[in-house]
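The values are calculated or read from the model by the stated rules, or taken from the named source; none is laboratory data. Model, not experiment: these values are computed from the prediction. A quick note on method: Cβ atoms are made from the backbone with ideal geometry, for glycine too, and the neighbour counts reach across all protein chains shown. To get the accessible areas, we keep the full protein, side chains included, count just its heavy atoms, and leave off ligands, DNA and RNA. Shrake-Rupley method; radii C 1.70, N 1.55, O 1.52, S 1.80 Å.
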Amino acid sequence: MAHNAELGRRGEQLAVDHLESRGMRVVARNWRCRLGEVDIVARDGGDTVFVEVKTRTSHDYGHPFEAITPIKLARLRRLAIAWCEATDAPASRIRIDAVAVLAPAESPALIEHLEGIS
């Protein structure tokens, strides 16, 4: 289990680095409430972006994006609203993105970013 937690932290840091390199500003990481957790909350211009990060070391269990199910998307939408309510942030321009990190142990990581998945 420690390996999975370490891999997840590494993937999230790579995702943060990627988002910041694209001009986004990260405002929260691993935000939690009773509904669950948002990996990354960022600002992209006037948009508040809620980012789900999925990290894998290989495609043995499918592409990382395959783990983002309709149920997961519905929860992310509820979490986005909860975050806006908890922080008094305007909810008029929100977006849900996904970042897939393929991070084999012996090779550089490959990062894919999908904007507006929901």
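How much mean residue ellipticity at 222 nm does the chain get from its helices, if each DSSP H run of length 4 or more adds -39500 (n - 2.57) and you divide by all residues, to the nearest 500 deg cm²/dmol? If you can, show how the numbers build up before the last one.
Values: 2 runs with 38 residues, N = 118.
After summing the helix terms and dividing by residue count, I get -11000 deg cm²/dmol.
In the chain, if the dipole is taken from +1 on Lys/Arg beta carbons and -1 on Asp/Glu beta carbons about the Cα centre, which of Tyr61, Ala103, Thr87 is farthest to the positive end? Of the options given, the answer is Thr87. Here the chain is assigned +1 on the Cβ of each Lys and Arg and -1 on the Cβ of each Asp and Glu. Its dipole about the Cα centre then comes out at about 380 debye.
Ordered by 1.4 Å accessible area with all protein chains kept, Asp39, Asp17 run largest first as Asp17, Asp39.
What number comes out for accessible area per residue over the chain if the probe is 1.4 Å? Units Å², please. Display every interim value, and only then the final one.
Details: 6710 Å² over 118 residues.
With the other protein chains kept in place, the chain gives 57 Å² per residue.
Relative to the dominant Cα principal axis of the chain, helix 2-21 is inclined by about 60°. Remark: the Ala105-Ile81 segment gains 5.0 nm on full extension, using 0.36 nm per residue and subtracting the alpha carbon distance.
Directionally averaged projected area (the chain, Cα convex hull): 7.4 nm².
The accessible surface of the chain, taken with every protein chain in place and a 1.4 Å probe, is 51 percent carbon and sulfur.
Largest first, how would Glu52, Glu37 line up by accessible area (1.4 Å probe)?
Values: Glu52 5, Glu37 50 Å².
I get Glu37, Glu52, largest accessible area first.
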